[in-house]
Structures are given as structure tokens and as C-alpha cells.
Amino acid sequence: MSTIQKMPPERTTDEELLHTLGYKQEFKREFTSFEVFGIAFSIIGLLPSIASVLFYAVPNGGPVGMVWGWLTCSIFIMTIGMSMAELGSAAPTSGGLYFWTYKYASSSTRNLLCWIVGYANTLGTVSAVASIDWGCAVQVMAAATIASKDQSFVPTAGQTYLVYLAILATTGIVCSLATKTLARLQSIYVVLNIALCLALIIVLPILTPSSKKNHASFALGNFTNLNGWPNGFAFFLSWLAPAWTIGGFDSSVHISEEATNAATAVPWAIVGAIGVSGILGTAINIVLAFCAGTDMQAIVDNPIGQPMATIIFNSLGERGALALWSVIALVQYMMGTSILLASSRQTFAFSRDGGLPFSKYMYKINSFTKTPVNTVWYSAFLAALLGLLVLAGPSATNALFSLSIIGSNIAYSIPIAVRFIYSRDTFQPGPFNLGRWSLPIAIIALIFMTFVNILFVFPATPHPTIATMNYSVVVAAGTVLGSIGWYYFPVYGGVHWFRGPIRTAESEPSGSSIGRGSTEEKSKGDDALAGTMSQKSILPDQP
Ligand SMILES: *[C@@H]1O[C@H](CO)[C@@H](O)[C@H](O)[C@H]1NC(C)=O
């Protein structure tokens, strides 16, 4: 669908392009194109992610929610990915969304919009860390239940939270290691991920007893609605599964400054990861629907507490299920390291510009590991706090999952929209460019994200109590409104000093730098940005 344009000759080296965008090279460029795809794909972590959110699809539509919900939603997610890929190709920096917002918004709106994107993105990545690691903790507990005598072990929320903290702490240590180690790990993640998907697709149909095997009419056509929402609405709620799973693909953008050939590698990593996940995810859901038996209520109510673990247990028996499930939990754990890595890079970029509280202490590269160790632990700490929500009640867990979708959708929507609102004529596409399809695809993506954000603040069942309330609306609105309040705060608020992305490149074409300095310096910085844009212009009719 995309048309590939020839790269302009002046963009041959990554460092030069980054310098044009106003940043000096601080990271080592350790990630190859495959590894950039790897980080997006391993964060999507297909099979373990489906395991984490299957509890959403099974009661909201059953087989139809699982299979058709997945397929339809992934197509819409692809429109977000394609719009983002264009931006990632035009300006690959670790600031990503936040940098694009600055670059493409108008001079009167850019600071505030950048600020909101920075906070929404931080919320999105931190809740992604929280939900993935929480999913992993639940998987560990499901394994304990499967292994216990007659599946009698039922963990408390407190016990699961302790496992969750242990997972956060150990992934924090892994993410503090040298970039090279992490880069090499990405390939292992991808291979394990795909092997796991194929193993399930092949093994499950072979070993499922015929009593649990379903006819095609059931696996592809039965609509089971257990939570009490109207059917159509229930179907859309099943979208939470793919929307959560196929998320975090902006992670590839956050490592742009560590990637070789970033202007091509980053967009293709995004589109590739979504495409593979859409197709492979549909296949996995079809296999599950064929092997689940017809009693969806029993799958939801099983003491194992994990629909996919229950399906696998019913098909493979205790030992087989434990073996497969351990690998699933391990891959989920690896996904936790990838998302924490991405989250730390995002908070690094935002603190580079002073956006987050305690930025001064966060914006530091550890001299030994050459990684931003402080932001790794900052993200882990925030995720630990957010995880406390699960102690409010079993359904409060939903908030972790919906928050990561809502946070990232807000952060994704703003740069995609401002590019067309304010920079329609000046936008200079990178090598990945959709041409005249850009605008229609972006409009579909924006409508979809808005719809999904409204959808996911609804509670799991129609009449919520304190324990089943969806707290995502409280946290999401709190973050967005809180960040706006903090922005306009007298004296200390961002409006007094926040100037968007700070340029770190030493010698600019016009000798100026964007920084937290005086407004005069700032406006010169804007000129420099405009200057480099027209210098590097691809279209001949640019000013
Ligand atoms: C789906 O399957 C369940 C269980 O067999 C059945 O009770 C229900 O009527 C089916 N629904 C549809 C729409 O076919």
C-alpha cells in the first residue's frame, strides 16, 4: 500500500539525520533493522498477550469476539501504524510522538500539546509495563494452580502483587544492562515468540480430545455474551484484546537513535509488527475457538483463572499444559523487559526536555552501562504504584490494560492530527510515505482511537460496584487534567519554562539551539528548525 521513495542523498547517515532534527548522537547505534522490528514484535508478544487478555474476548462474544473481533480490530490498528510509520520515517528520534508534535504543531500550540503527549505517552508506557508484568504474575500463579493438587490453589491479589513486584525488579536489572546485550536479546525474543505461536497452532488441534473439539459453525459463528452488555457493544468490548496486544509499536520509534538506517527500519518495523500480529493472532484465535469446547462460562469460571491456561489444560493435561505454559510465561517476562526498556527510553527523552518531575536526576546515561539506568527504575517505580490498583478488586485489573491503550491512543492521536492540521503543506515525508492515502488513513485511525478510548472506560459489567469499577477513567483523566494543571501552575508550571524538545546537537546550521533558555533564544531555535527543514526539502516548491 505504501510507495517507497528514494532516500535523499543528504540523509545517508543516521547521525546526520538526527543532527538535522536537532539532537546529537548519545546512544550507540546497536540495533539492526531486524532488531528494531524485534522490539516492536516482542512487546506485542503475541501468544502470551493473547493469554493475558483472552478473559476479555471470551465473555464478550465468545468465538466470534475472539476471531472476528481480532481480525476487524487489527485492520483498524494497521491504519494507526501506517500513519505513525510515515512520521517515524520523516523524523526518527527517540522522542517520537512527542518530538513530532513539536515539529508539526503551530508555534502557539506546540508546547502545551507536547506536554500532554509526553504525559499521555508516559502513562501509556508505564501502564503497559504494569499490565504486561501483571499478566506475567497472573500466568505464574496460573501455573501454580495447574500444578497444585486438584487445582486447589487460588492465589490472593496480595500474593500476585508480590510476584508482580519481583518481576518488575528483575526486569529492571536486565534493562540496566548494556544496550548491546539487550539488542542481541531481541532476536531471541522474536524467534521464541514465533516458535511459541506455531507450537500452539500445531500442537493444540492434535492433542485436544474430540469432546472439546468444535465444529466450524461454532468456532467461526457462535456468539456467546456472558457479561450482560448488549450484543453489539459486547463485540466492540472484545476489541480490548487485540487493541491491548497490538500496542506499544511506538517502541520502535523510541529506539530510533539506537538503530541503523532508522528512517526505513523504524516504519517497516511498525507496519511489519502489526501485520504479523494481525494475521498470526487471528490464526491463534481460530485454533483456540476450535479447541475450547462449547462451554464458555466454564472457561471463564475455572479456578485456573486464565482462559487460555484452562483451554490448554483441558487439551494437554497437567504436564503438557505446564510445559507449554512455562514457555508462555517466560516469553511474557521477556516482553516485560522490552516494554520497560522502551518506557525508560521514552521517559529519558521527556526528561531530557525537563518535562517530568525530577527530570534533572532522570536525564542521565550511566557511564558504565551506557544506558539510562535512572529512567529504567523511574518507570519501574511508577508501574509498581500503578499496580496497587489491583488491590482494589479483581476487576480493577482491567484498568491497567485499558490505561495502556488510552494513554497511548492520546499520545498517538495528537501528532497524527497536528501533522495534517498545521503542517499539511510543509510536511516532508521520509522514505516510507503513503502519498494521497495519507489523509484518509489518518482520519480512520483518529476516529478509531477516539472510539476505542470511549469504549474502554466502560466497566466490565453493566452495573459496576467499587470493586468492579473501571478505574482507568480516573487515572487517565487525572493524568491528562493533572498535567494540564501542572503546565499552567503559577511560577513553576511548564508554561513558564517548557520549550518542547531541547536540541542537544552542538553546531547548528544557524548556530542556535532550542532550550529552556530565554524566549529570544527559543525563537531563534525555531528559525533553525525551519531553516533545516527547508534546506533538507525534498519537494522543490518548499519555502
Ligand atoms: C453458542 O453456543 C452456546 C453453547 O453451545 C449455545 O448455548 C448458544 O445458543 C450459541 N449461540 C449462538 C448464537 O449460536
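The values are calculated or read from the model by the stated rules, or taken from the named source; none is laboratory data. As the structure is a computational prediction, the values presented were derived from the model and not from experiment. Because the Cβ atoms are built from the backbone with ideal geometry, glycine has one as well, and the counts that use them run over all protein chains shown.
Listed values, structure above:
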{"read-out": "Matching entry among Thr160, Thr181, Thr171, Thr109 (being under 30 Å from Ser367 (Cα atoms), touching a residue at least 60 places away in the same chain (Cβ under 8 Å) and not aliphatic (A, V, I, L, M))", "value": "Thr171"}
{"read-out": "Top-ranked residue in segment 466-491 [being touching a residue at least 12 places away in the same chain (Cβ under 8 Å), β-branched (Val, Ile, Thr) and assigned to a loop (DSSP other than H, G, I, E, B); ranked as surrounded by the most Cβ atoms within 10 Å (Cβ to Cβ)]", "value": "Thr468"}
{"read-out": "Residues (within 16 Å of the ligand (Cβ to nearest atom) and crowded, with 17+ Cβ neighbours inside 10 Å) located in segment 232-241", "value": "Ala234, Phe235, Ser238"}
{"read-out": "Which listed residue is touching a residue at least 60 places away in the same chain (Cβ under 8 Å), touching an Asp or Glu at 6+ places or on another chain (Cβ under 8 Å), part of a helix (DSSP H, G or I) and closer than 30 Å to Gln139 by Cβ, from Gly320, Gly336", "value": "Gly336"}
{"read-out": "Unique residue being within 16 Å of the ligand (Cβ to nearest atom), of a type in the set (Val, Ile, Thr), in a helix (DSSP H, G or I) and at negative phi when the list is Val287, Val300, Val271", "value": "Val300"}
{"read-out": "Where Asp353 falls short, out of the listed (1) of a type outside the set (Phe, Trp, Tyr); (2) in contact with an Asp or Glu (Cβ under 6 Å, 6 or more places away or on another chain); (3) at pLDDT below 85", "value": "(2)"}
{"read-out": "Looking only at segment 52-93, and only at residues there that are within 16 Å of the ligand (Cβ to nearest atom) and surrounded by fewer than 24 Cβ atoms within 10 Å (Cβ to Cβ), the one that is farthest from Met449 (Cα to Cα)", "value": "Val64"}
{"read-out": "Unique residue being modelled with pLDDT of 90 or more and in the same structural domain as Pro429 (by TED's automatic domain parsing) when the list is Gly45, Gly38, Gly81, Gly96", "value": "Gly81"}
{"read-out": "Which listed residue is surrounded by fewer than 24 Cβ atoms within 10 Å (Cβ to Cβ) and of a type in the set (A, V, I, L, M, F, W, C), from Trp244, Trp229", "value": "Trp229"}
{"read-out": "Tally of residues being free of Cβ contacts under 8 Å to residues at least 60 places away in the same chain, away from the ligand (no atom under 16 Å from the Cβ) and within 19 Å of Leu71 (Cβ to Cβ) across segment 199-231", "value": "0"}
{"read-out": "Residue check, Leu123 modelled with pLDDT of 95 or more and either more than 16 Å from the ligand (Cβ to nearest atom) or not assigned by TED's automatic domain parsing to the domain that holds Leu389 (or both)", "value": "no"}
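Residue by residue, here is whether (1) hydroxyl-bearing (Ser, Thr, Tyr); (2) farther than 21 Å from Asp250 by Cα; (3) crowded, with 16+ Cβ neighbours inside 10 Å holds:
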{"position": "Ala383", "(1), (2), (3)": "no, no, yes"}
{"position": "Gly387", "(1), (2), (3)": "no, yes, yes"}
{"position": "Ser408", "(1), (2), (3)": "yes, no, yes"}
{"position": "Ile414", "(1), (2), (3)": "no, no, yes"}
{"position": "Ala417", "(1), (2), (3)": "no, no, yes"}
{"position": "Arg436", "(1), (2), (3)": "no, yes, no"}
{"position": "Ile444", "(1), (2), (3)": "no, no, yes"}
